[in-house]
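Trainee: Below is a structure I'd like to ask you about.
Please treat every number below as a calculation from the coordinates, not as lab data. From a predicted model like this one, the values you see are computed outputs, not experimental measurements. Neighbour counts run over all protein chains shown; Cβ positions are idealised from the backbone, glycine included.
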């Protein structure tokens, strides 16, 4: 096989047995890699009704055929499992250096099953793999864990691990790689914690065999040249400011989550912007492996309470801990971000769960005695204090560790949780950007912008004239982008580079360049049509997993606030999400029944019958 290494490592944590398996070339072709391979194996091997925190659940690390190649931004991997937060399938994506190193060991994918009787970590050095005791690492934070594993294995080893949050089965725990990059959403870290798998350490020297390395090199050079031209023109804001620049953009559209989505306008947006982050706290930009954009931020804060050094924050962190909590103290937000990295938490769910608690407190539903302190919007100290307590399940943090839906339900007001399928919203209020509404409602993992971000077309990042305030055509864009993102997640690319090069006209997006890259790597003979069909196949298989897990049309919904409470101010004032109009159209476009079930004809078309 070319592009793919063609092998997976199966790790039985219960028995300690490690085995190598070859991947079926037809599965490789039809499901591409990464997210696609992982859902194919999870669907075949895991009962969708299984308790996520049980031996019957599995967790899969998977790279794509463009991972560890010359392709710019080919440095992503997926973590796929059944989520303890949502009960749905989840697929968390991360970059950095770990994915490249993982693939260079000679394996495309690791499958972890069962449960170890004691803490362990997996050490893979090229084709040599072993499980090692991790009792001495249990309880350690992420940075200490990485440092100790490097001493025990290789100074250049790359590590993905959990912190105390994962060990304590916090349902919003992340898996951290390269100390600062997070496969963050829906509690994947808790699954590793249940399995007593503290870390995965990899060192690889194998090269990826390519079908046409010269053509891949030519395309990659072309992409890099285009990126540099954009940078020279002063238009590569991701390099200049990282994703933090988005705070002022969303505020200008009136869609930045404010005080737990009670508003879409935040007076402190400029204060927590990428410009201020750069001016006061930036040390340097930091790229993932082989990426020409370098949107990562290495930062440092000098402050008696909030001081530290690390990476971030990204826009989503600024929205979750900042505007959604009513906080414009950037130093406190950065500190909360550092704590999430150190302790292994998803910044989106952590910040949004705290903002949910703040609204519960504000409205008198949550007693101060339960929290142990006042909990008002704008309390900068609270986000730092409660982030640490959430990771350690200390005091009120034990309730926050369950996520916003369970927290709000405990106090009799589940509507205060701004989530879909129990997964907290990211930083875009869909009342002012309607495509995100149908996206959040239908996303297989729950509310996620990274499973088909319609922001690209609605806020003008690509050249289509689309009104963000209309519901018209949004079901089409949502469906199309969900399929495209499934492809991007599966090939092993970052969406920032991949989406920049889609040619857009009217209602279609060209997959030509991505097909050229895939053919240069694999030689399989992809074209835009069958590549996009593969994305649709992946999305539908995830849907089948959801249905077998007990999800129904009723779960394809949004919180009442989005459907019934008009935006109170700003450019989106008076708007709600017309989900009742968009959802039937979406089902029809998908080839699903009116109940959201893929038809026999659709499954046959996709080869899933």
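Trainee: Would you please put 221-232, 584-595, 57-68 in order of how densely packed they are, using the mean number of other Cβ atoms within 10 angstrom per residue and starting with the highest?
Mentor: 57-68, 584-595, 221-232
Trainee: On to the next question. For a footprinting-style exposure proxy, rank 539, 365, 306 by other Cβ within 10 Å, fewest first.
Mentor: Exposure proxy ranking, most exposed first: 365, 306, 539.
Trainee: Just want to confirm a number: the relative contact order over the range 430-606, from Cα pairs under 8 angstrom separated by 6+ residues, in percent.
Mentor: After rounding, I find 26 percent.
Trainee: Sequence gap at least 6, Cα distance under 8 Å: using those rules, report the relative contact order of the range 7-203 to the nearest whole percent.
Mentor: 22 percent
Trainee: Now, a different point. Rg and Dmax of the range 537-581 over Cα atoms: what are they, in angstrom?
Mentor: 15.1, 42
Trainee: Beta carbons within 10 angstrom, averaged per residue: use that to sort the peptides 38-48, 325-335, 310-320, highest first.
Mentor: Packing proxy ranking, top to bottom: 310-320, 325-335, 38-48.
Trainee: Tell me the mean residue ellipticity at 222 nm calculated for the chain from its helices only (DSSP H runs of n ≥ 4, each -39500 (n - 2.57), averaged over every residue, nearest 500).
Mentor: -11500 deg cm²/dmol
Trainee: From the Cα gyration tensor of the range 25-65, with a ≥ b ≥ c the square roots of its eigenvalues, which class applies: rounded if a/c is under 1.5, or else prolate if a/b is larger than b/c, or else oblate?
Mentor: The shape class here is prolate.
Trainee: Also, quick follow-up: Over all alpha-carbon pairs in the range 7-203, figure out the percentage whose distance exceeds 31 Å.
Mentor: Tail fraction, whole percent: 7.
Trainee: Which percent of Cα pairs goes in each bin when the distances of the range 367-488 are cut into 5 angstrom slices starting at zero?
Mentor: Percent of pairs per bin, in order: 2, 11, 16, 18, 14, 11, 11, 9, 6, 2, 0.
Trainee: Let me ask something else about it. Cβ neighbours within 10 Å, averaged per peptide: list 272-278, 478-484 in order, most packed at the top.
Mentor: 478-484, 272-278
Trainee: Sorted from fewest to most neighbouring beta carbons within 10 Å, what does the list 37, 138 look like?
Mentor: 138, 37
Trainee: Grab the alpha carbons of the range 263-329, take their convex hull, and tell me the volume per residue in Å³.
Mentor: 98 Å³
Trainee: For the range 98-235, what Kirkwood radius comes out of the mean inverse Cα-Cα distance, in Å?
Mentor: 16.5 Å
Trainee: Please compute, over every Cα-Cα pair in the chain, the percentage with a separation greater than 42 angstrom.
Mentor: Of the Cα pairs, 14 percent sit more than 42 Å apart.
Trainee: How long, wide and thick is the range 256-424, going by the Cα atoms along their three principal axes, in whole angstroms, largest first?
Mentor: Taking max minus min along each principal axis of the Cα atoms, the range 256-424 gives 48, 31, 29 Å.
Trainee: Using only alpha carbon pairs under 8 Å that are at least six residues apart, calculate the relative contact order of the chain and give it in whole percent.
Mentor: Computed value for the chain: 16 percent relative contact order.
Trainee: Once you have a ≥ b ≥ c as the square roots of the Cα gyration tensor eigenvalues for the range 430-606, tell me rounded if a/c is under 1.5, and otherwise prolate or oblate according to whether a/b is larger than b/c.
Mentor: oblate
Trainee: Using a/c under 1.5 as the rounded threshold, could you call the range 314-398 rounded, prolate or oblate? The axes a ≥ b ≥ c are square roots of the C-alpha gyration tensor eigenvalues, and prolate needs a/b larger than b/c, oblate otherwise.
Mentor: The shape class here is oblate.
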